[in-house]
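These notes are about the structure you will find just below.
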Amino acid sequence: MPPPDSTLRARLVRAGVDLLAQEGTAALTLREIARRAGVSHGAPRRHFPTHLALLAAIAREGYQQLRAEVTAAIGGTGPDPYDQVLALGRLYLRFARTNHGMFELMFRHDLLRGNGIGLRDASEELFGVLVDLVARARPEAADAPAPPVVAGALWANLHGIAELRQWGSLQTMVRSDDVEPLLRAAVAAHLGRPTPGVPR
């Protein structure tokens, strides 16, 4: 029996990414992804034993995109890790706003729990970037929580801002669609306020 077409996997993932951007997570059926890739609805099984495996591969594309954008955002700032955390936070909130379907898919617990297609590794790599920045940015204190705890709390804060903004609840409560003050408040709350002119 001939080996599966190696380009079919990429075509299916690309079809899923495009479908997700156009119609959201509810449209990501195996049958519709296969139709858009121009194959029979049974063809995806050659590369993805389950529907969740295919969804995980699509979500991994989102992590790769976000990782590349995070690297660029951090690289585009100065050496101050506090500023780099702000840049990462800005990028995270913008990604959530402009790639809402992908953002929603990337954080589905059933996909992350199954560690399909290296998805958990990809998410842990991104979290590691935030942990490293937090470790370098926050004030030293003997009784301070460990960097992963602070990074987790900050991430949860940013994720909450992104979700509440998407639902419209945040704008209703704070009377503004500008998330920059919220971002700055969240970072200051978790890392301490930087002193102007004092290098970290």
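The values are calculated or read from the model by the stated rules, or taken from the named source; none is laboratory data. Please read these numbers as outputs of a predicted model, since none were measured by experiment. For neighbour counting, all protein chains shown are included, and Cβ atoms are generated from backbone atoms with ideal geometry for every residue, glycine included.
Annotations
- Cross-chain or 6+ apart pairs with Cβ under 9 Å, the range 93-115 first and farther than 20 Å from Val179 by Cβ, then among the charged types (D, E, K, R) and modelled with pLDDT of 95 or more: none
- Within the range 48-79, the set of residues being buried (at least 17 other Cβ atoms within 10 Å of the Cβ) and either outside any helix (DSSP H, G or I) or of a type in the set (Phe, Trp, Tyr) (or both) comprises Phe48, Tyr63.
- Of the residues making up the range 1-47, those that are modelled with pLDDT under 90 and not in a helix (DSSP H, G or I) number 8.
- Members of the range 169-190 found to be within 20 Å of the chain's Cα centre (by Cα) and not in a helix (DSSP H, G or I), listed by number: Val179
- Count of residues meeting criterion [modelled with pLDDT of 95 or more and surrounded by fewer than 14 Cβ atoms within 10 Å (Cβ to Cβ)] in the range 151-179: 2
- Any chance Ala87 is outside any loop (DSSP other than H, G, I, E, B) and within 26 Å of Arg9 (Cα to Cα): no
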